[in-house]
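The structure appears right after this line, and notes come after that.
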Amino acid sequence: MRLQSILVLVVILTAFVATVVYGAVSAEGVRNRISAKIKERYKVKNLVIKVIPFQSDYWTQRGRFKSIVVSADRIERKGIAICNAYTKAFDVTLDIARLYERGEVETKSRKKTIFSGRIYKDDLNKLLALKETPIKNLAVDFEDGKMVFTGTYRFGFGHHLRMVGKLNVENHSKVHFVATAASVNGIPLPAGPLRTVLNRLNPLIDFQTIPLKPRIDNIQIKDNYILIKG
């Protein structure tokens with residue numbers, strides 16, 4: 001038997017076995033499973049999912065789709081709340097066995113992902129309340145396109161801490177706060193204590209916890225929210 005014929009036979013047998021194990025794969029079935037998993041893991045409002053298949057059903061059976069879109073008015077997990085969230089992955093391949101057998105959404109590959117969302121100041125302050133840092137009553141405000149963190153520095157007696165800075169994205173997924181100025185009662189905070197504070201604060205946000213794990217490229221600080229794009 002020629003090699004080409006053997007490969008064709010293997011592909012047919014693989015598709016047959018998959019069908020026997022969990023039935024034929026469909027875009028609607030994938031959409032329903034993704035929806036169920038997101039609702040299980042996240043608090044969501046007005047969740048919309050679209051799974052667009054390629055013309056050939058060959059790719060659908062292998063978990064490869066032309067695009068997958070996930071959007072929601074609000075999606076929240078582990079204190080991270082994103083509003084107006086929109087993610088679209090192009091030429092995306094899911095681990096179809098894990099999805100159908102275990103209900104787990106695992107992205108094996110994707111050609112491109114676009115993402116946008118907003119994190120409002122109130123939600124960011126709720127997230128800060130969950131973080132374990134040396135700062136009591138840690139809070140954030142936005143001033144002139146910069147972030148301003150304030151709180152009581154718990155070192156000996158309580159002192160008023162103020163940190164001003166910007167946001168930086170590492171590895172297109174983790175958002176870190178970078179302080180450009182820091183003081184306690186108006187006196188500059190030494191590098192050592194400042195490093196300790198930042199190490200406990202960062203990463204401020206980790207987008208690896210967001211569906212389809214979007215690639216983050218840009219963050220803009222607005223009047224009362226952070227605009228994230230990828």
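The values are calculated or read from the model by the stated rules, or taken from the named source; none is laboratory data. Note that the coordinates shown come from a computational prediction; the quantities given were computed from them, not determined experimentally. As a convention, Cβ positions derive from the backbone with ideal geometry for all residues, glycine included, and neighbour counts pool all protein chains shown.
What the table shows:
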{"item": "Selected residue [closer than 30 Å to His160 by Cβ, part of a helix (DSSP H, G or I) and either assigned by TED's automatic domain parsing to the domain that holds Thr152 or free of Cβ contacts under 8 Å to residues at least 12 places away in the same chain (or both)] from Lys39, Lys136, Lys126", "result": "Lys126"}
{"item": "Matching option when the condition is outside the structural domain of Ile38 (by TED's automatic domain parsing), β-branched (Val, Ile, Thr) and outside any strand (DSSP E or B), among Val169, Val197", "result": "Val197"}
{"item": "Residue satisfying condition, being of a type in the set (A, V, I, L, M, F, W, C) and in contact with a Cys (Cβ under 8 Å, 6 or more places away or on another chain), within set Ile119, Ile80", "result": "Ile119"}
{"item": "Test for Lys45: is it closer than 28 Å to Lys222 by Cα and more than 15 Å from the chain's Cα centre (by Cα)", "result": "yes"}
{"item": "Failed item, numbered, when Gln55 is tested on (1) within 13 Å of the chain's Cα centre (by Cα); (2) more than 17 Å from Pro214 (Cα to Cα)", "result": "(1)"}
{"item": "Count - residues of the stretch 36-54 that are surrounded by fewer than 18 Cβ atoms within 10 Å (Cβ to Cβ) and modelled with pLDDT under 95", "result": "6"}
{"item": "When residues of the stretch 71-125 are limited to those that are surrounded by 15 or more Cβ atoms within 10 Å (Cβ to Cβ), modelled with pLDDT under 90 and among the basic types (Lys, Arg), the one farthest from Lys136 (Cα to Cα)", "result": "Arg110"}
